[in-house]
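Beneath this line is the structure, given in structure tokens, with notes to follow.
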């Protein structure tokens, strides 16, 4: 199991959001280092942001969701073309799940964690 996952839900359409590009970065001093990227699958999830069993080291990370691409493909107007979630990992032996609920004019997120 990967130690980081996300799922994108389109609350306007009431469906999962397939095809959202997602990038993972780590904060290093005064800049961000790109670690990996993925695209949400038919379930709105990413399963390949990190290899299985690779822990996230303690630190500050950022997930960037290219919601503008998703809304353009689904022919919806949007106000937020990019959503960025900055989060801190304090315990590297946890699975972090960061769902994102989107609509053309708003978004919401939260986290769940479980021990690995």
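Values quoted throughout were computed directly from the atomic coordinates according to the rules given, and no laboratory measurement underlies them. A quick note: this is a predicted structure, and the numbers were derived from the prediction, not measured. In this analysis, Cβ positions are derived from the backbone assuming ideal geometry, glycine residues included, and neighbour counts consider all displayed protein chains.
What FRET efficiency comes out for the pair residue 79/residue 115, r = Cβ-Cβ distance, R0 = 35 Å, nearest 0.05? Walk me through the intermediate numbers first.
Details: r = 38 Å, r/R0 = 1.08.
Rounded to the nearest 0.05, the efficiency is 0.40.
Could you give the nm distance between label points at residue 88 and residue 33, where each point is 7 Å from its Cα heading toward the beta carbon?
Going from the residue 88 label point to the residue 33 one covers 2.0 nm.
Calculate the radius of gyration of the Cα atoms of region 1-51 to one decimal place, then report Dmax, the largest Cα-Cα distance, as a whole number, both in Å.
12.7, 40
Sorted from largest down, give the three principal axis spans of the alpha carbons of the chain, whole angstrom values.
Between the extreme Cα coordinates on each principal axis of the chain lie 39, 31, 20 Å.
Taking other Cβ within 10 Å of each residue's Cβ, how do 10, 30, 66 sort, fewest first?
Values: 10 21, 30 5, 66 18.
Going from least to most buried by this count: 30, 66, 10.
Running a GNM on the chain with Cα contacts under 10 Å, which residue among 106, 29, 37 ends up with the highest mean-square fluctuation?
The residue that fluctuates most here is 29.
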